[in-house]
Each structure stands twice: as C-alpha cells, then as structure tokens.
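Sharing a structure, written as structure tokens. Questions coming.
The values are calculated or read from the model by the stated rules, or taken from the named source; none is laboratory data. Being a predicted model, the structure only gives us computed values, none of them experimental. Cβ placement follows ideal geometry from the backbone for every residue including glycine, while neighbour counts extend to all protein chains displayed. The protein model used for the area step is the full one, side chains on, heavy atoms only, and it has no ligands, DNA or RNA in it. Shrake-Rupley method; radii C 1.70, N 1.55, O 1.52, S 1.80 Å.
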Amino acid sequence: YTGCRNGELYALKWSDIDFQERMIIVQRSYNKKFKEEKSTKTGDWRRVSICEPLWDLVVHLKKSHDHDLQRGACNNPGYVLPRPGLWSNGEQARKLRQFCEEIGITPICFHTLRACFATELLKRGVDVPSVMRVGGWKSLKTMMHYVRLSG
C-alpha cells in the first residue's frame, strides 16, 4: 500500500506518521550492509497517503506499540514495524520465498511487491508522475518498465 522499499519500511518511525493527515513521510532507509540508517535511495523524502486497509493496520500497530511501551516490553520504541532478526540480517527475502512456496504460490521478492504497487496504480489510471512521486522513482526510464508491465 505504500510502494516503499524494504529498507524504507524497516526504518519507518512513529514520528514519520502524520495521524491527522493520514500520511507517511518516507525520509530514511536502512542500510543492512553497514547496519545504519541513511537517506532514501534517491536522497529525497516523500509523502504517501494511507488508504483505509493500511490505516487499520497502522492503528492496530500503534495500539500494540503503546501497550508494549506501558508494560515496559517494547524492544524498538521508535519504530512502526516489528524488527525480527531475519529482517535486520537481510534474510527476509529468503523467508518470503519460503512462505510463498509453503502456501503454493510463485515465490516473489520484496521488489516484486513494489513493482506490483506501481503497475496496479498505473492500471487504475493514476498518472505516471504521481506514481513516480509516491514510490520515490526518479528515473522515467525505470518507470517506463512499469508502464509497459501495466499494459
């Protein structure tokens, strides 16, 4: 629902969510090689609106996070998403492929999810500049690949 890169999701903090406007400000990414946060791939920040299904998830995560904080059981107090060891170690792609195989669907990677996000928006008539802005793409050449995939 966001078009975010894997590292952008990993680095997403509660301070990046505007609850009044229902927007996510994507402004950092996680570099697993150096185990540090950095700017996004393009060096820019962007705002992504939160659709209803994603809003429900964000609200659920926030309640769980706040509950864990109150109990003193919050391991990563500033971050939106749980941070399992597989994700921080760069093993999440293998786990995603394994999950797909277990449920009997074609294995995919996280980048495939990002490509699906772009092609779905384009199929629904969202203009190319808007898709580029929301997903953080800078290269029209790269975006044209998704335009072709969307038909």
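Quick one: helix 92-103 against the long Cα principal axis of the chain, what's the angle to the nearest 10°, folded into 0 to 90?
It is inclined by approximately 80 degrees.
What is segment 28-151's relative contact order, in percent, from Cα pairs under 8 angstrom and six or more apart in sequence?
21 percent
Taking Cα atoms, how many degrees apart are the long axis of helix 140-150 and the longest axis of the chain, rounded to 10 and kept between 0 and 90?
It is inclined by approximately 80 degrees.
Round to a whole number: what % of the accessible area of segment 1-101 belongs to carbon and sulfur, probe 1.4 Å?
51 percent
When ranked by the protection proxy of mean other Cβ atoms within 10 Å per residue, highest first, what sequence do the peptides 131-138, 35-42, 100-107 form?
131-138, 35-42, 100-107
Grab the beta carbon distance between S15 and L149, set R0 = 22 Å, and tell me the FRET efficiency rounded to 0.05.
Efficiency for this residue pair is about 0.05.
With every protein chain present, what is the per residue accessible area of the chain (1.4 Å probe, Å²)?
The answer is 62 Å² per residue.
Another question, if that's okay. Nothing charged except the Cβ atoms of Lys and Arg (+1) and of Asp and Glu (-1): what's the magnitude of the dipole of the chain about its Cα centre? Round to the nearest 20 debye.
Dipole of the chain, to the nearest 20 debye: 540 debye.
Project the alpha carbons of the chain onto their principal axes and report the range along each, largest first, in whole Å.
50, 39, 31
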